[in-house]
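Undergrad: Supplied in C-alpha cells, the structure appears directly below.
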Amino acid sequence: MTNPIILTVDDEPQVLNAIERDLRRQYGRDYRIVKAGSGFEALETVRQLKLRNDPVALFLVDQRMPGMSGAEFLAEALKLYPEARKVLLTAYADTEAAIASINTLGLDYYLMKPWDPPEQSLYPVLDDLLSDWAATVPVPYDGIRVAGTLWSASCHNTKDFLARNRVPYQWLDVEVDASAKELVEAANKENHRFPVVFFPDGTVLVEPDNRSLAKKIGLRTEAAQPFYDLIIVGAGPAGLGAAVYGASEGFRVLMIEKEAAGGQAGMSALIENYLGFPNGLSGADLAQRATMQAQRFGTEILIGQEVTRVSVEGSYRYVELSDGTRLGCHALLIATGASVRRLDVPHIKWVIGAGVYYGAPLSEARHYPDQHVFVVGGANSAGQAAITLSQYASKVTMLVRGSTIDKRGSADPGAAMSQYLVEQVNATENIEVLLRTEVMKVSGRRRLEAITITNRDSGETITVPTSAMFIFIGAVPFSALVEGVVERNPAGFIFTGQDLPRTRFGKFRSWSLKRDPLFLETSVPGIFAAGDVRHGGITRVAAAVGHGAMVISFLHEYLKTV
Ligand SMILES: Cc1cc2nc3c(=O)[nH]c(=O)nc-3n(C[C@H](O)[C@H](O)[C@H](O)COP(=O)(O)OP(=O)(O)OC[C@H]3O[C@@H](n4cnc5c(N)ncnc54)[C@H](O)[C@@H]3O)c2cc1C
C-alpha cells in the first residue's frame, strides 16, 4: 500500500516550493507530498490518483489562483476524495471566501500566508487534521475494482470471469455510489460503457473481453509453441482429467479455455458425490487443485482464449483461436462441455444478466438478500442453486415442469435430482417447489420485475413480482467448433466410438480407417471427445474426469498408428 498523499496547490512557484519543503520536512516519512501549479493541473493529478485508488489525506490549496480558485478546485476534488481534509491558504483579502467555504465545502481550516514559523502556524493544525483523517478513513482497497451497474450483462460477465479465476475484486455500483460514478466519468468520458475495470497500476479497461482481462491479470493467453502432442479444448473436469494424465505421461499438452478452469463444475457450490471427499468440496476448490496438478506435470494452459474452428490436414489436427492464432497437434480432445439451455419466453433477452441468470447463483446470490427469488428447473444443478440461494434470499421458489423432482418417480430421470439433493431441498424451510409449472413471460423495463407462470394442468396463470430468476433447464453442447468436421447428433452432441452413425449395412458411415474407432474417438481419427459434449455423456464430474483420463490411453494407441 502506497503512503497517503498530501496534495498542495499554488500558482506562485516560490510559494509552492516553500510549502512543499516544509511539508516534506515534517511529513515526508509517512506521506507522499505531491504539488501542482494550478487548479487544473491539480485536478488532473487527483483523477490519476483516483484511478490507482491512491489515498489522499489532505489538500492544502491556495485560494487565489487564476482560472480556478482554491475553493473551486476543492469542490471538484472532493467529489473523488470526499473524506480528504481540506485547508485553504489565504491572504487577508480572501478570508471571506474562506469562511464561505467552511459552509459550502466543509472546509477544515484556513491558514493565513505566510505560515512562518511552520512549527507554530502550520504543523499543529495539519497534525490534528492528519491524525483525525488516519483514525476515521478506512484504508482504500488496493486491488482490482470493477465499476458498473448491477443490472448489466457485461458487468456480470466480468465479475463472473474474475470470480471464477479466483481474482479478488471490489465491486463499485455507480447507481448507488457517487464517488464511483465520478471515477467512471473521469476514466470513460466519451461513452457510457460498462464495466470499467481499474487496476492497481493505474490502467483501466472498459468493457473488456475475457482475453484482455486474462492477459491483464497475468494469466497465460499465448501458446509457447506452435505444435503439441495433444491439444485439449476446454478446461472442465474432462479436459483437466486428460491434462493431468497426458502431461504426467510425458506428452506435450496444451489446454485452451475460454473462461475459467473448472468448467461447469467450477460453478458448483458443493460437489457432494465426488469420490474421496466425504464432506463434499466446492467446484472452485476442485478446479484449483486439478489446475495446479496439471500445471505441475507440465500442461500449458491458456485462459480467455476461445477455439473457433478445428481442421484436419493429413495426420495433423489444427485449432484456430479467436485472436486468429493457429496451433497444430497430433491429437485433439474436444472437452468443451455444454451450457444451460436458454429459456425461450417473450422479453427475456432484455433482462439477461439484469435479474435473469443462466447458472450463476454463486456470484449473484448475495445481491438478493431477503428477497423472493425463483429457480427454473428440477435437476441437480437447479437443486444446488436453490440451496445456495436459500442462504441469502427470504424465499426460493423452484419452478419445475415435471411431476416430481425425485429421479425414482420421474418419467425423465435426467431432468430430476439425486436423492441426497431431494432430501436437502425438502428439508430447507424457505425453498418451495411448484411442480407442473412453466414460465410464460418475464417483465421489467431495465431489469427483471415480475414473471408470469402457469400451471400445466389447471392452466391457472399468475404474475409474481421478483427481481431474480436463475435458469437451469438442461444443456446445449458447445460443439460449433467441429461443425462439418466430426459427426454430431441433431442436438449437437458429438458421436464417439461404437455410437458413430452407420450405414444400413452396419458399416460406420464416415469412418475412414480399417480399424474400429476407439471408445472416445470421433468420426475423425485422432480427434477425441469426452465429458458433457459427447453423445451419451453422463453429466457427472467423475464421469468427465474418468473419460478425460481414458483418452490418454487411447492417445498411446492412436500415436502408434500415425
Ligand atoms: C451448477 C452445477 C452444479 C453441478 N454439480 C454437480 C455435482 O454436484 N456432481 C456432479 O457429478 N456433477 C455436477 N454437475 C455436472 C458437472 O459439472 C458436469 O457434468 C461436468 O462439469 C462436465 O465436465 P466437462 O469437462 O465435460 O465440461 P464443462 O465442465 O462444461 O467444461 C467445459 C469447458 O470448456 C470450455 N469451452 C467451451 N467451448 C470452448 C471453446 N470453443 N474454446 C475454449 N474453451 C471452451 C468451457 O468454458 C468450459 O470451461 C454440475 C453442473 C452445474 C452446472
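The values are calculated or read from the model by the stated rules, or taken from the named source; none is laboratory data. These figures come from a predicted structure and were not determined experimentally. With ideal geometry, Cβ positions are generated from the backbone for all residues, glycine too; neighbour counts draw on all protein chains shown.
Undergrad: Restricting segment 282-321 to residues that are touching a helix residue (DSSP H, G or I) at 6+ places or on another chain (Cβ under 7 Å) and of a type in the set (Gly, Ala, Ser), which is nearest to ILE232 (Cα to Cα)?
TA: Within segment 282-321, the match that is nearest to ILE232 (Cα to Cα) is ALA294.
Undergrad: Here's something else I'd like to know. Just wondering, is there one or more residues in segment 511-522 that are within 16 Å of the ligand (Cβ to nearest atom) and surrounded by 21 or more Cβ atoms within 10 Å (Cβ to Cβ)? It would help to see each step written out before you state the result.
TA: From segment 511-522, those within 16 Å of the ligand (Cβ to nearest atom) are 519-520, 522; that's our starting set.
In the following step, the residues that additionally are surrounded by 21 or more Cβ atoms within 10 Å (Cβ to Cβ) were identified as 520, 522.
There is at least one residue in segment 511-522 that is within 16 Å of the ligand (Cβ to nearest atom) and surrounded by 21 or more Cβ atoms within 10 Å (Cβ to Cβ).
Undergrad: Moving on to the next point. If a residue has to be in contact with a strand residue (DSSP E or B) (Cβ under 9 Å, 6 or more places away or on another chain), in a loop (DSSP other than H, G, I, E, B) and within 20 Å of ALA385 (Cα to Cα) to count, how many in segment 340-359 make the cut?
TA: The qualifying residues number 6.
Undergrad: Sticking with this one: ARG145 - would you say it is within 30 Å of GLY304 (Cα to Cα), of a type in the set (D, E, K, R) and in contact with a Gly (Cβ under 8 Å, 6 or more places away or on another chain)? Full working, then the answer.
TA: Numbers: within 30 Å of GLY304 (Cα to Cα): yes; of a type in the set (D, E, K, R): yes; in contact with a Gly (Cβ under 8 Å, 6 or more places away or on another chain): no.
So ARG145 does not fit the description; no.
Undergrad: Filter segment 512-538 down to residues that are of a type in the set (Val, Ile, Thr) and out of contact with any Gly (no Cβ under 8 Å at 6 or more places or on another chain) and give me whichever is farthest from LEU332 (Cα to Cα). Steps first, answer last, please.
TA: So the first thing to find is which residues in segment 512-538 are of a type in the set (Val, Ile, Thr), and the list is 522, 524, 527, 533, 538.
Pick out the ones that are also out of contact with any Gly (no Cβ under 8 Å at 6 or more places or on another chain) and you get 522, 524, 527, 538.
Numbers: THR522: 10, VAL524: 10, ILE527: 5, ILE538: 21 Å.
Filtering segment 512-538 for residues that are of a type in the set (Val, Ile, Thr) and out of contact with any Gly (no Cβ under 8 Å at 6 or more places or on another chain), the one farthest from LEU332 (Cα to Cα) comes out as ILE538.
Undergrad: For THR454, only one of the following conditions fails: (1) closer than 30 Å to PHE374 by Cβ; (2) within 16 Å of the ligand (Cβ to nearest atom); (3) in contact with a strand residue (DSSP E or B) (Cβ under 9 Å, 6 or more places away or on another chain). What is its number?
TA: (2)
Undergrad: OK, next. What residue, of GLY383, GLY377, GLY353, is more than 21 Å from THR437 (Cα to Cα) and either surrounded by 16 or more Cβ atoms within 10 Å (Cβ to Cβ) or within 12 Å of the ligand (Cβ to nearest atom) (or both)?
TA: Numbers: GLY383 fails: more than 21 Å from THR437 (Cα to Cα); GLY377 fails: more than 21 Å from THR437 (Cα to Cα).
The unique qualifying residue is GLY353.
Undergrad: Taking segment 258-305 as the search range and keeping residues that are buried (at least 23 other Cβ atoms within 10 Å of the Cβ) and of a type in the set (Val, Ile, Thr), which one is nearest to ALA243 (Cα to Cα)?
TA: Selected residue: THR299.
Undergrad: Another one. Given the residues ALA75, ALA36, ALA84, which is the only one that is within 41 Å of the chain's Cα centre (by Cα), within 25 Å of VAL197 (Cα to Cα) and touching a residue at least 12 places away in the same chain (Cβ under 8 Å)? Show your work before the answer.
TA: Working: ALA75 fails: within 25 Å of VAL197 (Cα to Cα); ALA36 fails: within 25 Å of VAL197 (Cα to Cα).
Unique residue meeting the criteria: ALA84.
Undergrad: If you don't mind, another one. Within the set of pairs 6 or more residues apart or between chains, which connect a residue that is within 16 Å of ILE19 (Cα to Cα) inside segment 115-137 to a residue that is small (Gly, Ala, Ser) and assigned to a helix (DSSP H, G or I) with Cβ atoms less than 6 Å apart?
TA: TRP115/SER121
Undergrad: Still on this structure, I have one more. From the set of residues in segment 278-290 that are touching a strand residue (DSSP E or B) at 6+ places or on another chain (Cβ under 7 Å) and in a helix (DSSP H, G or I), which is nearest to ASP160 (Cα to Cα)?
TA: Per the stated criteria, the residue is GLY283.
Undergrad: Is at least one residue of segment 428-444 of a type in the set (Gly, Ala, Ser), modelled with pLDDT of 90 or more, over 21 Å from ASN273 (Cβ atoms) and in a loop (DSSP other than H, G, I, E, B)?
TA: yes
Undergrad: Another question, if that's okay. Could you tell me which numbered condition SER390 fails, if it satisfies all but one of (1) closer than 30 Å to PHE554 by Cβ; (2) within 16 Å of the ligand (Cβ to nearest atom); (3) crowded, with 19+ Cβ neighbours inside 10 Å?
TA: Every condition holds for SER390 apart from (1).
Undergrad: Hey, any hits in segment 216-235 for a residue that's in a loop (DSSP other than H, G, I, E, B), crowded, with 21+ Cβ neighbours inside 10 Å, within 12 Å of the ligand (Cβ to nearest atom) and not β-branched (Val, Ile, Thr)? Step through it out loud before you land on a result.
TA: Residues of segment 216-235 in a loop (DSSP other than H, G, I, E, B): 217-226, 234-235.
When the remaining residues are screened for being crowded, with 21+ Cβ neighbours inside 10 Å, the result is 234-235.
The next check asks that each one be within 12 Å of the ligand (Cβ to nearest atom); those that pass are 234-235.
Next, from what is left, pick out any that are not β-branched (Val, Ile, Thr): 234-235.
For segment 216-235, residues in a loop (DSSP other than H, G, I, E, B), crowded, with 21+ Cβ neighbours inside 10 Å, within 12 Å of the ligand (Cβ to nearest atom) and not β-branched (Val, Ile, Thr): present.
Undergrad: What number of residues within segment 532-546 satisfy the criterion of being within 21 Å of SER418 (Cα to Cα), more than 6 Å from the ligand (Cβ to nearest atom), in a loop (DSSP other than H, G, I, E, B) and touching a residue at least 40 places away in the same chain (Cβ under 8 Å)?
TA: Matching residues across segment 532-546 total 2.
Undergrad: Name the residue, out of ALA549, ALA475, that is within 11 Å of the ligand (Cβ to nearest atom) and either modelled with pLDDT of 95 or more or buried (at least 20 other Cβ atoms within 10 Å of the Cβ) (or both).
TA: Answer to the selection: ALA475.
Undergrad: Which of the following residues is without any contact (Cβ under 8 Å) to a residue 60 or more places away in the chain, farther than 30 Å from THR158 by Cα and assigned to a helix (DSSP H, G or I): ARG408, ARG366? Full working, then the answer.
TA: Details: ARG366 fails: farther than 30 Å from THR158 by Cα.
From the options ARG408, ARG366, the qualifying one is ARG408.
Undergrad: If you check ALA18, ALA75, which single one turns out to be aliphatic (A, V, I, L, M) and closer than 23 Å to GLY106 by Cα?
TA: Numbers: ALA18 fails: closer than 23 Å to GLY106 by Cα.
Testing whether each residue is aliphatic (A, V, I, L, M) and closer than 23 Å to GLY106 by Cα leaves just ALA75.
Undergrad: Also, quick follow-up: Could you check, for segment 282-305, whether at least one of its residues is over 25 Å from the mean Cα position of the chain (by Cα) and within 14 Å of the ligand (Cβ to nearest atom)?
TA: For segment 282-305, residues over 25 Å from the mean Cα position of the chain (by Cα) and within 14 Å of the ligand (Cβ to nearest atom): absent.
Undergrad: For segment 162-204, which residues satisfy the criterion of being touching a residue at least 60 places away in the same chain (Cβ under 8 Å) and closer than 27 Å to GLU449 by Cβ?
TA: ALA163, ALA178
Undergrad: Out of segment 246-277, which residues are within 12 Å of the ligand (Cβ to nearest atom) and assigned to a helix (DSSP H, G or I)? If you could, list the steps in order and put the result at the bottom.
TA: Step one: list which residues in segment 246-277 are within 12 Å of the ligand (Cβ to nearest atom), which gives 254-275, 277.
Matches in segment 246-277: ALA265, GLY266, MET267.
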